[in-house]
Amino acid sequence: MEMEDTVKALIMAGGLGTRLRPLTINYPKPMVPVVNKPMMVHIVELLKQHGFKEMSSILYFQPEMIKNYFGDGNSFGIKMDYVDAVEDFGTAGSVKNAEKSIKETFIVISGDVLTDFNLTEALKYHKAKKALATMVLTRVNNPLAYGVVITDKDGRIERFLEKPVWGEVFSDTVNTGIYILEPQIFEFIPEKKEFDFSRNLFPQLLEGKQNLFGYIADGYWKDIGDLNEYRIAHQDILTGKVKVEIPGNKLNTIGRDIWVGEDSEIDKQANLKGGVVIGKNCIVKAGAEIVNSVIGDNTQVEESAKIYNSVIWENSHIGRKAELRENIICKGVDIRAKAFIQNGVVIADECVIGEEARIKDNVKLWPHKVVEDGSTLSSSLVWGEKWSKTLFGAYGISGLANIEMTPEFVAKVGAAYGAYLGKGSTVMTSRDSHKASRMINRAFICGLLSSGVNVKDLRAIPIPLLRYNIGKEGERGGIHVRKSPYDSQVIDIKFFDIGGVDLSFNKEKSIEQLFFREDFRRAKVEDTGDLSFPGRVIEDYKEGFLNAIDHKAISQARLRIVIDYAFSDAATLFPSILGDLGCEVIALNANIDASKITKSAEEFDASWKKLADATIALKADIGFMLDTGAEKVFLVDEKGKMVSDEIALALIAALVMRNKKDASIAVPVTATAVIEEVAKKYHGQILRTKTTARSIMEQALRKEQDLLGDNLGGFIFPNFLGAFDGMFVIAKIMELLAKQNIRLHALSQELPPIHIHKERVPCTWSAKGTVMRNLIQLAKDEGAKFELLDGVKIYDNEFWALLIPDPDKPFFNIYVESASGNKAKEIFSKYKTKIAQWQG
C-alpha cells in the first residue's frame, strides 16, 4: 500500500532491555539480532511493506549505535530521523518530543517486538471509526505481562488494566503497544513530565469518554522481553509461524527450510535439519549437525560439532565435537573442541570456553569470561526452570529446602533486596523455630550485609511482632523465614514493607529484575552492613497491645477461654499478655515444637476438633486456635461448634457493628452477602476489597475501617496494626464479647443462613484469559449484572457467583452463594461446565 507522505511512523527505540541481559550489555535492545538482523530492522521492513516511508526513531539508551546503523534511512529505502530523549519521560512523554514533526495521523510501534500484523488494515479501521486513538490488540495465552483490554461490539474500549495479577485478568485480549493516533492526542500529553500510554493517557481518555478504539489484529506478535522469549521467537521464525524477511538464499531442499548467506561454505557431509539460517562468510565442516538454529555471519563450525535449537551471533567459533543445546551464543565467542554447553546457557560477547569444558543448565556468562579447559561451570542456583519467570508467589518466595531454597540462592536474593533498598538502609529479619529456617535466615542476612544494608535480627518470634516493629526506627522493610505451614519440605521467605504490610506487587517485580540481572553491586569492605539484635521488641509490642485493648472490661467479664498455640512461638509471649488481661486460660500445645509447624488438612481439622471437645468439656466461653505464625485465628463457640471462616467473619463484623454506631468494615469479594444484611441492621458500612492479603492490608493502612477480614481466618484491627495479628484479634474478640455480654453461638442465631459453595476447577494457564473474556461476554449476553474488582463476580436475584483464576496454579476458584445450598451447587455446576467447554 502507498501511504501519503505526511503519514509517519514513530519507532520506540529507547528500551534498556534489562531482562535480556547479558545480550543487552553492549547493545540497545532494538539492536539485538533476530535471525542475523537487528530486531528493529524487522519493524522497519514491516512498516515499509505497508507503505510507511517516513519514520522517526525515539532514542534513549545508546542512541549512537542506532543512528550509525540506520543513518538517514536511504539504504533501507526510507527516510529516517531521530528524537533524542535526555530524560525518561515514559512512553507517551517521549512521543510528545516528536510533536513538531507530526501533522497528520501517525502510528507508534515498538522497535523491539516481532510481528507481521497487517498495519494497512489497522489504519483503515482507525479511519473508519474516526478514532482519536486506536490500540492494536491481540489475544495471548498468558496476559499477565500486558495491558488487558475489553472492547464493546463496536470496538470501543470499555476497560483497560495494565499488567494485572490473575484475579484482575478479565480477558485474553491485550495491548500490543502499537497505536494509531491523531495529532490532537498531544493535547492530552503534558510536556517534560513522565507520562505513559497505558498508565496515564488511555485511562484519561477512557474517563473523558474520548474516541478510544481497539483493533484486534490477526497474525503473529511477540514481545521479546526475556531470554526465553528470544529463543522462542527464533524457533517461531524457523518454523514459519511469523512472516519476516530472512537474510540469505533459500535452498531448494525437501522437508527442510535452509537459508545460506553470501560466500558461505557448507561441506556436503554436514547435516542441516529443520529450519536453519547460515549467515554470510560462514564455514560449516564435515560431520557438523545443525538443527533448528541460526548461525551468525563470519562464524565457523568445526567437524562433528552439534548445534541444536540455538542462536549464535556473528564472528564466533564452534570447535570440533562441541555440543550446544538450546543456547544463545553472542558475538565473538570461542567454544573449543568437545565443550558441552547444556540447555538454557547464555554466553555473552567474546567469552572463551575451553576444550572439554562443561557448562551446566541455565548458566549465564557476562562478556569476556574464560572457562578453562576441562572445567565444569555450574550455577550455584540449582533450581533450573522453577524461577525462570518469577521469584514471588502467594507466600513470598518459596522453595524446597536445600534443593531450591539453598543458602547460595538465598544470599543472592538478600543481596538483590539490599540493592533495591540501597546502601545504608536498615532491614528487620525474623524466623520461626525450625533449624532450616535459621539457616536460610542467616544466609539472607549475609546477602543484605554484603550490599551495605544494616540488619536488625529479631530471631525466632511470631510474625506480628516483626510487622509491628518495622518502621518504628526508620527500617525500610523486613523479612520472615518460616517452614511452610502447608508443605513440610518447603521454606517461605515473606517480605514486608514499612508498617508491616506485605510488599507491593511492583516492589516485588523491582527486586526480581535486580535478581535476574545479576549485576547488582556489593558494598566495599568498609561499607558492609552492621548486624544487631534489638532487646526491647517484645516489651514495645506488649505495651502497644495493652494500650489498644480495654483490659478492664475483659478482666471484669472473667472469661474462661481455651487456646491452642499450635506449638508456635506465640507460646513464649502471649501467656504473659493474657495474664495481664485477667482471664482464665487453658492452654493446649503451648510448647514450641518445630517438627509440628506444618499440618496437613486432616491434621488441622483434627486439632480444631480437639479444641472443640476441650471447649465443651471445660465449659469455656470460647475456644481459639492460632496458626503457627500467630497471624490467623480459628474459632469454637461456647457450644463446642467449630465456626467456619465465612461465619466467623460475619460474627466478628456483627460484634464490631453492635459495639460502634456507623462502624466501617472491609471484606473481600468472596465474603458472604449476609454481612451487608447485618450492616443494614446495625447501620454499618461495608467496603468490598480484592481477595489478596496485600490488598486488604493496603486498605487497612488508610485507617478508614474499624475491622478488615480476609475470609480465611485473618482479621485486622487497624487502630493497633494494619496487618494480621491473631493474638490481638483474640484479645479484641474477648473485649467485644465482654462489653456486650454475649457469646458467639447466641450471636450466630441472629444471622440468616449462609449457603456458599466454593471449589476449584482445572484450567490450563493458556486458557485463563480466554475463560475470563468468555465469562464477561456470557454475563452480557444473559443481561446479568457483573463487576471486575477481582475476577468476575456475577449477580442475580437468587445468587452471586465469583470466578477467579488462581495466581499460582492451573485452576479457577469458583464461589457461589444462594439462599439454598442446592441452588448454589446448581450454579456452580453451570460455570464448571462452561470453563471446561471454553478450554476446548
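The values are calculated or read from the model by the stated rules, or taken from the named source; none is laboratory data. Just so we're clear, the structure is a prediction, and the values are computed from it rather than from any experiment. All Cβ positions, even for glycine, are placed from backbone atoms using ideal geometry, and neighbour counts span all protein chains on display. Accessible surface areas use protein heavy atoms only, side chains included; no ligands, DNA or RNA. Shrake-Rupley method; radii C 1.70, N 1.55, O 1.52, S 1.80 Å.
Values as computed for the structure displayed
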item	result
Under 13 Å from Lys79, Cα to Cα: aspartates and glutamates that are on another chain or at least 8 residues apart	Asp5, Glu45, Glu54
Per-bin percent of Cα-Cα distances, segment 41-115 [10 Å]	17, 53, 29, 1
Protection-proxy order for peptides 816-822, 342-348, each taking the mean of Cβ atoms within 10 Å per residue, highest first	342-348, 816-822
Portion, in percent, of the accessible area of segment 583-694 that falls on carbon or sulfur, probe 1.4 Å	54 percent
Probe 1.4 Å, accessible area per residue of segment 711-819, Å²	37 Å²
C-alpha long axis of helix 821-838 to longest principal axis of the chain, angle in °	10 degrees
Percent of alpha-carbon pairs separated by more than 41 Å within the chain	45 percent
Derived scalar couplings ³J(HN,Hα) [segment 73-81; Karplus, 6.51 cos²θ - 1.76 cosθ + 1.60; whole Hz; x for Gly, Pro]	x, 4, 5, 9, x, 9, 10, 10, 10
Accessible area of segment 394-510 belonging to carbon and sulfur atoms, whole % at 1.4 Å probe	49 percent
Phi-based couplings in Hz for segment 666-674 (Karplus 6.51, -1.76, 1.60; Gly and Pro marked x)	10, 9, x, 5, 7, 6, 4, 5, 4
With every protein chain in place, segment 3-58: carbon and sulfur % of accessible area (1.4 Å)	47 percent
Angle in degrees between helix 726-740 and the longest Cα principal axis of the chain, rounded to the nearest 10	40 degrees
Gain upon complete extension [Lys273, Val525; 0.36 nm per residue less C-alpha separation]	85.4 nm
Set Lys193/Lys222; Lys768/Lys834; Lys193/Lys423 screened for pairs whose C-alpha atoms are more than 19 Å apart	Lys193/Lys222; Lys193/Lys423
Charge context of Thr770, other residues only, Cβ under 9 angstrom, K/R +1, D/E -1	+2
Accessible area in square angstrom per residue, segment 248-352, 1.4 angstrom probe	41 Å²
Positive-end residue, the chain charge dipole about Cα centroid, Cβ charges, pick of Trp313, Ala819, Ile329	Ala819
Prolate/oblate/rounded label for segment 389-513 (Cα gyration tensor, a/c 1.5)	rounded
Cβ-placed point charges (K, R +1; D, E -1), dipole of the chain about Cα centre in debye, nearest 20	1160 debye
Under 26 Å between alpha carbons - lysine pairs in segment 531-632 that sit 8 or more apart or on different chains	15
Gap separating the Cα centres of segment 772-812 and segment 68-90, nearest whole Å	46 Å
Cβ-based net charge around Ala98, under 10 Å, with every Lys or Arg adding one and every Asp or Glu removing one	+1
Cα long-axis angle, helix 119-129 against the chain (0 to 90 degrees, to the nearest 10)	60 degrees
Derived scalar couplings ³J(HN,Hα) [segment 187-193; Karplus, 6.51 cos²θ - 1.76 cosθ + 1.60; whole Hz; x for Gly, Pro]	5, 9, 10, x, 7, 6, 9
Label point distance in nm, Lys241-Trp366, each placed 7 Å from Cα along Cα→Cβ	3.2 nm
Per residue accessible area of segment 528-675, 1.4 Å probe, in Å²	41 Å²
